[in-house]
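Structure first, commentary second.
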Amino acid sequence: IIQHTKPSILTAANDVYNEAAVKLANNNTDVVIFPYPIKDVFYTHPDTHAYREILKIKDDEILITVPSRIIERKGIREAVRMLELLPDNYKLCLPSSINPQDKTYWDSIVMSDAFNRTRNRIIIPENEILHDDMPALYAATDIVCMPSYYEGAPVATVEAMASTKPFVGYDSQGINGFIQS
């Protein structure tokens, strides 16, 4: 396709995809890293209280959101275990838990001792949070966390940065391409 279409440039969202694109380009096309374009105005939502009220988060509580699908490689079990190590005023929002993609994995988490010990601090939304609603959820969130074992180029990383929220991610290929120390 590249030889036939002869693009002037290929873009890659991070180093992981850049390596693959360079191989595909085979020195015939330039490759540049271009992270997902996100309109930061969309993510710097002015109403930080809408979702805090919906989720019943008090002013003195810290909301950690894991905006990941419920599948094993996303590290949801680890996020629940992490909550045990934090003070009681920390809450964990799992927006995808309302409709888990891997129900067996989710059931194993819900039946775990860690989940049972922190059940009153884990927020499972009553209604599905659609993509258009994510800016409002990010606005209500204090920390965005992505404990995935591996990722390609997670959009949530860039969305969290656009929302100006602290982002904590596992040092995995894909996520670490967006985070600099």
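Here are the numbers for the structure shown:
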| quantity | calculated |
| --- | --- |
| Accessible area (Å², per residue) of the chain, counting only protein heavy atoms and a probe of 1.4 Å | 58 |
| Size of electric dipole in the chain: Cβ of Lys, Arg +1 and of Asp, Glu -1, about Cα centre, debye, nearest 20 | 300 |
| Three-way shape label, the range 82-136, alpha-carbon gyration tensor, a/c 1.5 | oblate |
| Solvent-accessible area, 1.4 Å probe, carbon plus sulfur percent, for the chain | 52 |
| Dipole of the range 108-164, positive direction: furthest Cα of Asn127, Thr164, Phe115, with charges on the beta-carbon | Phe115 |
| Along the chain, longest interval not containing exposed chymotrypsin sites (Phe, Trp or Tyr not before Pro), exposed being DSSP loop plus at most 14 other Cβ atoms within 10 Å | 1-148 |
| Magnitude of the charge dipole, the range 76-181, Cβ model with Lys/Arg +1 and Asp/Glu -1, debye to 20 | 260 |
| Within a Gaussian network of the chain (alpha carbon springs, distance under 10 Å), most fluctuating of Ser108, Ser96, Ser163 | Ser108 |
| Lys pairs under 22 Å by Cα in the chain, provided they are eight or more residues apart or on distinct chains | 10 |
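The values are calculated or read from the model by the stated rules, or taken from the named source; none is laboratory data. Being a predicted model, the structure only gives us computed values, none of them experimental. Using ideal geometry, Cβ is built from the backbone for each residue, glycine included, and neighbour counts are taken over all protein chains shown. All accessible areas refer to the heavy atoms of the entire protein, side chains included, with ligands and DNA or RNA removed. Shrake-Rupley method; radii C 1.70, N 1.55, O 1.52, S 1.80 Å.
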